[in-house]
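These notes are about the structure you will find just below.
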Amino acid sequence: MIHALWFLRITALLPGQAMPEIQQSLCPFAEKERGKPFLAIDKRVHMGIIQSHRRERKESPFMAKQKLTGDKAWYQPLFHPRSVALVGASRDPKKWGFNLLFNIVKGDYPGRIYPINPKEPEILGFKAYPSITQVPEPVDQAILVVPSSDMPKVIQECGRNGTKVGVVITAGFGEVDRKGKKVEEEMVALARSLGVRLVGPNCQGIVSTWDASFYAHMPPQFPPPGPLGVVSQSGNLATSLIEAGRQLGIGFSRIISSGNEADLQTPDFLESLAEDPKTEVILSYLEGVKDGRKFFQVARKVSPQKPFLMVKAGQTGAGVKAAFSHTGALAGSPGLFSGLCRQMGIIEAETIEEMVDMAGAFATQPLPRGRRVGVVTLGGGWGVLAADFCSQAGLIVETLTPQMTKELDRVLPPWWNRMNPVDMVAGYRKGDLLTSIELFLNSKRFDGVLLLGLGWRAVRGGFLKSSAVSDDDRMDAAGQDWIDEEEKIFADLQELGRRYKKPILLASDVIQYTPGFEEAVRRRRVAAYPSLPRAGRAYLGLVERYEFLKRIQRKG
C-alpha cells in the first residue's frame, strides 16, 4: 500500500554583483521490480540467461545521442553510459563489488557490462577481465571499488582504457586525515591529467532512471522514473530520500551520491539537473561547500528554472564536527548560509521527509498566488489544529466573505460553524464537500485549499461491507454507496484543482484507502499527506516558491 505524500536579512544581489566570499567546505528494502518490494535475492537465477538476455537489448535513443563536449563531457557517460566497468567486482555476495554489479543487472541496465577481477573468469554470467586495460573498448564509466592504496594504479589503467568517468566508492581519503586528503588531491590531479572525471570518493554510486535504467549504487533500491533529481553528499541519506519517495509514490530522474566531492562537486551536478528535461524538482543534502562563490552563483541560475530544495547539515558545533569526519566537508555560518539560500530561492527543509513532501507538492500542484488558505475539515478538532498551524507557519486563514457564508448556508447543516476553517460537522451529504471547496477556489480571496480527513467514509464503507451478514441488513449496499461516493468526490477534487489552477493539499491518516488514490498518485494528480503538519509545510513550500519567483520578476 502506498502511503500518502509529504533570518538573516541580506541585501539583494543585482545582476553582475559579486558574491560574498565563503569558505566551506544497508537498507532493509529491496525491490525486485521498480516500485515493488521483495525481501530476498533469488539464488536460483541463472546468470547465463541474464547475460544472453541482456546482450540482446538495444540502446535507448537517448543513449545514442551525440556526446557533450567541454566541461559537460562527463554528463552522458555518468547518467547514460553505453558501457560500464566495475573495477573490484566480486563473486562474494557480502562484498560491495558483488552488490553494485548485481544491482546494475537487476535494474535491467541495457548497456555493456565489464566486471574487472584478475582472479575470476566470470562474475554473474559476465566475462571478467584482469584489468580495465584489457576490456575491448573504452568504457563510458568505471565504478571503482578497490583499496585506496590501489587507486593510483587503477586510475592510470582507466586513462589507458579511455574511460571518461570514474565513480570512486572507496572511502579512506580526505574525510580521515591530512594524509588522506593529500592522497585524494593526488588522485584527482592524476585523473584530470588523463582526461577522467571523478565522482566521490567515499560515495554510494549513481542512479539514472529515464532512458537509462542504471541503478549503480549500493542499496537494493530501484525507484521508478519520476520528476525528482537528487544530489546528496551522504549515501545513506540518498537511501532515505529514495524510501521517502517510495512512501509518497513518487519517482526519481537522477540520484547522485557525491561523497567527498574531490573533483565533480554539488554545483556541477546542480547545473546538470537544471538542464535535464526529466528533472522537474531538485533536492540536495549538503554538509558543506568547498567553493561558496561557485555554489551560490550556480544556485542563482538554477533556482529560477526549477524548485531547489535542500537539507543543510552542520548547523551546530557537533554537526560541523560530524560533517567533517563524514565527508571532510567544512560547514560555515548557518545564519549566513541560510540567508543566502533564501536570497537565491533555495527552500530549506529541516528533515528529509519534509523535503520530499514539498517536492511532491511541486511535482503535482500549481503554485498559490499568496498565503491566504481555505481549510475544509471533516472534523472540528482537525480544523482547530489547522488554524493554529497555519497561523504559526505564516499562512493566512482568511475570513469568509458574506456571499460565501450565504452559499454555504444553503448546503451545510444549520449548526455549521460559519467560519474558516469550514467544519463539515463530522459528515456531509452528496455535493456538500465539493461545493464548499469550490467556493474557496472560485474566490479571489483565497489562494488554495487544505482538505482534512478524506478517506474515513471509504474506511467505514469497507467495514460495513466486511461485517454484512445478509442482504437483509443492507450493510453491504450501504458500505458500497459510501465507497462509491468517496471515489467520485476524490476524482472530482482532482478536476477542480486543474480547472481553477489552485493547489489542493490533502491531509488524512487514511487517505490511502480512498478508491482511486494509487492511480491518482501514479498520474501525479494529487498531493496527499498522512498528517496536517506535513501537508501544511508542503503548502508553505509552494508559497515560498511563488514569492521568490514574484520577487525576481519585479527586479526584472
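Any read-out appearing in this document is the output of simple, stated calculations on the displayed coordinates, not a laboratory observation. Bear in mind that the values here come from a model prediction, so they are computed numbers and not experimental data. Cβ coordinates were reconstructed from backbone atoms using ideal geometry, including for glycine residues, and neighbour counts include every protein chain displayed.
Neighbour counts of other Cβ atoms within 10 Å put D472, D357, D268, D291 in the fewest-to-most order D472, D291, D268, D357. Here the simple spin-label model places points 7 Å from the Cα toward Cβ, and for E519 and K72 these points are separated by 3.9 nm. Under the criterion of Cα pairs below 8 Å and six or more residues apart, the relative contact order for segment 365-555 equals 27 percent. Among the listed pairs K465/K501; K72/K306; K127/K153, those with a Cα-Cα distance over 30 Å are K465/K501. Label segment 496-556 by shape, choosing from rounded, prolate and oblate, from the square roots a ≥ b ≥ c of the eigenvalues of the Cα gyration tensor; if a/c is under 1.5 it is rounded, and otherwise prolate applies when a/b is larger than b/c, oblate when it is not. Verdict is prolate for segment 496-556. For segment 452-556, the share of alpha carbon pairs falling in successive 5 Å distance bins from zero is 2, 12, 17, 18, 16, 11, 8, 6, 4, 2, 2, 1, 1, 0 percent.
A prolate overall shape is assigned to segment 405-500, the ratio a/c of its alpha-carbon gyration tensor axes (a ≥ b ≥ c) being 1.5 or greater and a/b exceeding b/c. The residue list L493, I396, V375 was ranked by how far each Cα lies along the charge dipole of segment 365-555 toward its positive end, using unit charges on Cβ atoms, and I396 comes out on top. Exposure proxy shown here: for L549, L286, the number of other Cβ atoms within 10 Å sets the order, fewest to most, as L549, L286. Each residue, E186 and I552, gets one label point 7 Å from its Cα in the Cβ direction; the gap between the two is 4.3 nm. Fewest-first ordering of L464, L454, L190 by other beta carbons within 10 Å of each residue's beta carbon gives L190, L464, L454. Couplings 3J(HN,Hα) of segment 288-294, computed from phi: x, 10, 7, 10, x, 4, 5 Hz, in residue order, whole Hz [Karplus 6.51 cos²θ - 1.76 cosθ + 1.60, θ = phi - 60°; x for Gly and Pro]. For V146, the amide hydrogen comes within under 5 Å of the amide hydrogens of T170, counting only partners 5 or more places away or on other chains and with H modelled in the peptide plane. I'd like the distance separating the alpha-carbon centroids of segment 357-407 and segment 178-238, in whole Å. Their Cα centres are 41 Å away from one another. For segment 365-555, a Kirkwood radius taken over Cα pairs fed into Stokes-Einstein (20 °C, viscosity 1.002 mPa s) yields D = 125 µm²/s. The string of couplings for segment 169-177 from the Karplus curve (6.51, -1.76, 1.60, θ = phi - 60°) is 6, 3, 9, x, 10, x, 6, 8, 6 Hz, one whole number per residue in order, with x for Gly and Pro.
For segment 139-288, the Kirkwood hydrodynamic radius from C-alpha pairs, put into Stokes-Einstein at 10 °C and a viscosity of 1.306 mPa s, yields a diffusion coefficient of 102 µm² per second.
Annotation: aspartates and glutamates with alpha-carbon distance below 20 angstrom to K182 (same-chain offsets under eight excluded): D150, E261, D263, D291.
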